[in-house]
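Working notes for the structure below.
The values are calculated or read from the model by the stated rules, or taken from the named source; none is laboratory data. All figures in this text were calculated on a predicted structure; none of them were measured in a lab. Every residue, glycine among them, receives a Cβ derived from its backbone with ideal geometry; neighbour counts consider all protein chains shown. Surface areas here come from the heavy atoms of the whole protein model, side chains and all, with no ligands, DNA or RNA. Shrake-Rupley method; radii C 1.70, N 1.55, O 1.52, S 1.80 Å.
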Amino acid sequence: MSTPESRLNAFPIFMKVEGRSVVIVGNGDEALSKARLMAQSNADLTIVAEIPDEELAAWAAANDATLLREPYHSDHLAGATLAFAATGGEALDARIVADARAAGICVNAVDRPDLCDFFTPALVNRAPVAIAIGTEGAGPVLAQMIRTRIDRMLSPSLGKLATLAASYRAAVETLLPKGAARRAYWNEFFSGAPARAMEIGHFDEAQAAADELLARRGAVEGHVALVGAGPGAEDLLTLRAHRLLMEADVIVHDALVPEAVIAMGRRDAERIGVGKRKGCHSKSQAEINELLVELGRAGKRVVRLKSGDPLVFGRAGEEMAALRDASISYEVVPGVTAAFAAAADFELPLTLRGVASSMVFTTGHDLKGGTLPDWAKLAIAGATVAVYMGRSIAAELATRLIEAGLSPDTAVAVVENASLASKRLFHGTLADLPALESREDLTGPVMTIIGDAVAGARFDRSTALAADIFVPVAA
């Protein structure tokens, strides 16, 4: 049983305003704010302002609102469904409220909750879907903060998907029995193939997927999302990645993905670690491919969570090929790759006008073998080089680039645990880079950035490589 403290003083409803009159009396920011809010509906909007300011007048002209440049009179409220008093004057606002109530019109007096018949919510608009957040006038800023969080959770295409759903409602009620079958259909409609197609703007594909789902009588097909987890910080995860994690039945994650990111998924989702760390591979790539196919065939919604970006040294190509061969649907969600996070930590321009206009992403493994990779020519020509997983071959990297003609004075930036609070930053030159190899205290992922553009970085928060050569202490 609810207690008096848990009961609402203002009950939320959705009032029909299409083609009906809404009147705003007032000027300035208060009137403009309410006008913008009501413009998200199909109401006929009238603004009464004797001497409107320039911004309000321009907005009214651009948004087909009727602007009456005359002193307020009670006749202005005739026929209105809703009214707003936004004059800024207490006496005039009270008069407007009294006139509205006398005419049986619900009225809101801006910033005067004691005079309000209703409160305007913070609105998340995915028409025809709407979410209204209210605090009964107690905390408008809090309502806006909540709105922002909810807005991030919902796909921008949700409204179009809801409109498509409405067109299928009659067919679903005809072809599918009440209960579990219909629920299964709509669950898959709003989180499966129709939703995925609509999210990327493919309306025809969304419609075809809805037809196919109806033909299967709502039977669920598996789907795999190859998702970039970013460099480590959970707030660098994309909104789409977060939505997919919340919908996933299974999360298949790499070892480098932090627990804080994995925990952003559904609490009841199955978690499978398949991560590879140097010298410790829990599953081979072939085994991972087989696992993804098996889960997809079982009808699971799978998030394959990869550190950084799936398409940058993430072996996504092999996994996509396996899923294609097995006819399992999949998608790719990009993530912030470690090179970008490391550059941001250093405030380092990866490209710099007149200095560096190209970039190379590579790994330490590219230096294995007898010949220098082709990208070395780009480095010598001025490209910025981002080296992933290169700590253990730092000396070889420096030696071979110098031998190939890159100046020993070329600037170098090194970041361990890019984007995380535990990050460590080091700077120096190509000649200093071998010092990195002896640092056995660097246990996190290390990103090395080399090039003339690095000289534009901020170095007051980093340690010089040459001045901080690590010497292990004997046990």
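Brief remarks on what is shown
- Take the conditions (1) buried (at least 19 other Cβ atoms within 10 Å of the Cβ); (2) not in a loop (DSSP other than H, G, I, E, B); Gly314 misses just one of them, which is (2).
- Total residues in region 415-441 satisfying the condition of being assigned to a strand (DSSP E or B), farther than 27 Å from Ala229 by Cα and open to solvent by 30 Å² or more (accessible area, probe 1.4 Å): the figure is 1.
- Evaluation of Leu213 against the conditions (1) assigned to a loop (DSSP other than H, G, I, E, B); (2) surrounded by 13 or more Cβ atoms within 10 Å (Cβ to Cβ) shows that the sole unmet condition is (1).
- Screening region 320-336 for residues that are assigned to a loop (DSSP other than H, G, I, E, B) and over 14 Å from the mean Cα position of the chain (by Cα) and picking the one that is surrounded by the fewest Cβ atoms within 10 Å (Cβ to Cβ) gives Ser327.
To keep it simple, each residue is scored yes or no on (1) assigned to a loop (DSSP other than H, G, I, E, B); (2) at pLDDT below 90; (3) open to solvent by less than 80 Å² (accessible area, probe 1.4 Å); (4) more than 25 Å from Val333 (Cα to Cα).
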| site | (1), (2), (3), (4) |
| --- | --- |
| Met145 | no, no, no, yes |
| Lys160 | no, no, no, no |
| Ala166 | no, no, yes, yes |
| Ala170 | no, no, yes, yes |
| Phe190 | no, no, no, no |
| Ala197 | no, no, yes, no |
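- Neighbours by Cβ (under 9 Å, 6+ apart or cross-chain): first from region 42-54, among the aliphatic types (A, V, I, L, M); second open to solvent by 60 Å² or more (accessible area, probe 1.4 Å) and in a strand (DSSP E or B): Leu45/Thr66; Ile47/Thr66
- For region 225-249, the candidate set comprises residues that are among the hydrophobic types (A, V, I, L, M, F, W, C) and part of a loop (DSSP other than H, G, I, E, B); within that set, the residue that is surrounded by the fewest Cβ atoms within 10 Å (Cβ to Cβ) is Ala233.
- Search result, residues across region 1-31 that are surrounded by 10 or more Cβ atoms within 10 Å (Cβ to Cβ) and not in a loop (DSSP other than H, G, I, E, B): Ser21, Val22, Val23, Ile24, Val25, Gly26, Gly28, Asp29, Glu30, Ala31
- Any hit, region 460-471, residues being modelled with pLDDT of 85 or more, open to solvent by 10 Å² or more (accessible area, probe 1.4 Å), among the acidic types (Asp, Glu) and within 30 Å of Val257 (Cβ to Cβ): no
For (1) within 26 Å of Ile131 (Cβ to Cβ); (2) open to solvent by 30 Å² or more (accessible area, probe 1.4 Å); (3) part of a loop (DSSP other than H, G, I, E, B); (4) modelled with pLDDT of 95 or more, each residue gets a yes or a no:
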position	(1), (2), (3), (4)
Ser33	yes, yes, no, no
Thr46	no, no, no, yes
Ala60	no, no, no, yes
Leu82	yes, no, no, yes
Asp93	no, no, no, yes
Ile96	no, no, no, yes
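- Checklist (1) surrounded by fewer than 17 Cβ atoms within 10 Å (Cβ to Cβ); (2) closer than 16 Å to Pro434 by Cα applied to Val412, failing item: (1)
Condition check ((1) under 21 Å from Leu32 (Cβ atoms); (2) not in a strand (DSSP E or B)) across all residues:
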position	(1), (2)
Phe118	yes, yes
Asn125	yes, no
Ile131	no, no
Gly137	yes, yes
Val141	yes, yes
Pro156	no, yes
